[in-house]
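Colleague: What follows is a single structure, and I will ask about it in a moment.
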Amino acid sequence: MDVCPLKVGMELPEALSLQGSDGKEITMDELTKEKPTVLVFYRGAWCGYCTSHLAELQEIKGEVESLGYQIFGITPDQPNKLAQSQEKGKSDMIVYSDSKTNAIQAFGLDWNVDDEMFDKYKIEYKLDLEEWSGESHHNLPVPAIYVIKDGVVEFQYVNPKYSTRLKPATLLAILKTL
């Protein structure tokens, strides 16, 4: 898996649009300009590791906000699937759709599910990535957490092993030092 994620100190890519559950577009600039932002890139509501991580992050969301940060999720799931992330993750974190994977690609987090794995997902796991994203690409993000402040990456955690996620306590400790 070859990914080349944005690094600490790099500027936020320009002109990236996401969609809310209502289908309305918002740019990454609009999303992050008000206050420092924690962005959680995850594979989708269908991913148990992802929804478990969202639930863990929900437990610290108040503390994250009390430190002056906002926190959002970004997934390739299409807008009408976003509520499932909140339900399965028992989270009120606002999540955005990047179904075309433009932001995921701009952050260097995209990897392509090959035909063999796509078929395995669809046949064995009854998971149709095209249905979830509403698109014909077979791209997923490597799960990642970014902290953005004034349009610059202040922190990033990217781990190609999708089952390994940043611990909420570690994220809090990092936010307290930034």
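Colleague: Can you name the condition, by its number, that Ile148 falls short on among (1) of a type outside the set (Phe, Trp, Tyr); (2) surrounded by 15 or more Cβ atoms within 10 Å (Cβ to Cβ); (3) in a loop (DSSP other than H, G, I, E, B)?
Modeller: Of the numbered conditions (1) of a type outside the set (Phe, Trp, Tyr); (2) surrounded by 15 or more Cβ atoms within 10 Å (Cβ to Cβ); (3) in a loop (DSSP other than H, G, I, E, B), the odd one out for Ile148 is (3).
Colleague: Now for a different question. Among the helices (runs of 4 or more DSSP H) contained in region 71-126, which hold 1 or more residues that are within 20 Å of Tyr157 (Cβ to Cβ) and touching an Asp or Glu at 6+ places or on another chain (Cβ under 8 Å)? Full working, then the answer.
Modeller: Numbers: elements: 82-88, 102-106, 115-123.
So the answer is 82-88, 102-106.
Colleague: How many of the residues making up region 2-58 are part of a strand (DSSP E or B), touching a residue at least 40 places away in the same chain (Cβ under 8 Å) and not hydroxyl-bearing (Ser, Thr, Tyr)? Walk me through how you get there before you give the answer.
Modeller: So in region 2-58, the residues part of a strand (DSSP E or B) come out as 11, 17-19, 25-27, 37-41.
Cutting the leftovers down to touching a residue at least 40 places away in the same chain (Cβ under 8 Å) gives us 11, 17-19, 26, 37-41.
Next, from what is left, pick out any that are not hydroxyl-bearing (Ser, Thr, Tyr): 11, 18-19, 26, 38-41.
Matching residues across region 2-58 total 8.
Colleague: Could you please give the count of residues in region 58-72 that are touching a Lys or Arg at 6+ places or on another chain (Cβ under 7 Å) and more than 23 Å from Gly151 (Cβ to Cβ)? It would help to see each step written out before you state the result.
Modeller: We begin by selecting, within region 58-72, every residue touching a Lys or Arg at 6+ places or on another chain (Cβ under 7 Å); these are 58, 67-71.
Now restrict to residues that are more than 23 Å from Gly151 (Cβ to Cβ): 58.
Residues meeting the conditions: 1.
Colleague: If a residue must be within 17 Å of the chain's Cα centre (by Cα) and among the hydrophobic types (A, V, I, L, M, F, W, C), how many such residues does region 153-173 contain? Give the derivation first.
Modeller: Going residue by residue through region 153-173, those that are within 17 Å of the chain's Cα centre (by Cα) are 153-168, 171.
From what's left, among the hydrophobic types (A, V, I, L, M, F, W, C): 153, 155, 158, 166, 171.
So the count comes out to 5.
Colleague: If you don't mind, another one. More than 16 Å from Met117 (Cβ to Cβ), exposed (fewer than 14 other Cβ atoms within 10 Å of the Cβ), at pLDDT 95 or above and touching a helix residue (DSSP H, G or I) at 6+ places or on another chain (Cβ under 9 Å): does that describe Ala173? If you could, list the steps in order and put the result at the bottom.
Modeller: Values: more than 16 Å from Met117 (Cβ to Cβ): yes; exposed (fewer than 14 other Cβ atoms within 10 Å of the Cβ): yes; at pLDDT 95 or above: yes; touching a helix residue (DSSP H, G or I) at 6+ places or on another chain (Cβ under 9 Å): no.
In short, no.
Colleague: Separate question: Can you tell me which condition Lys61 does not meet? The list is (1) surrounded by 18 or more Cβ atoms within 10 Å (Cβ to Cβ); (2) part of a loop (DSSP other than H, G, I, E, B); (3) of a type outside the set (Val, Ile, Thr), and all the others hold.
Modeller: Status for Lys61: all satisfied but (2).
Colleague: While we're here: For region 67-101, name all the residues that are in contact with a strand residue (DSSP E or B) (Cβ under 9 Å, 6 or more places away or on another chain) and within 14 Å of Glu56 (Cα to Cα).
Modeller: Listed by number, the residues that qualify are Ile71, Phe72, Gly73, Ser85, Gln86, Gly89, Ser91, Met93.
Colleague: Could you please find all residues in region 64-90 being charged (D, E, K, R) and surrounded by 21 or more Cβ atoms within 10 Å (Cβ to Cβ)?
Modeller: Initially, region 64-90 is screened for residues charged (D, E, K, R), giving 65, 77, 81, 87-88, 90.
Answer for region 64-90, where residues must be charged (D, E, K, R) and surrounded by 21 or more Cβ atoms within 10 Å (Cβ to Cβ): Asp77, Lys81.
The values are calculated or read from the model by the stated rules, or taken from the named source; none is laboratory data. In this text, all values refer to a predicted model and were calculated from it rather than measured experimentally. Reconstructed Cβ throughout: ideal geometry from the backbone, glycine too, with neighbour counts over all protein chains shown.
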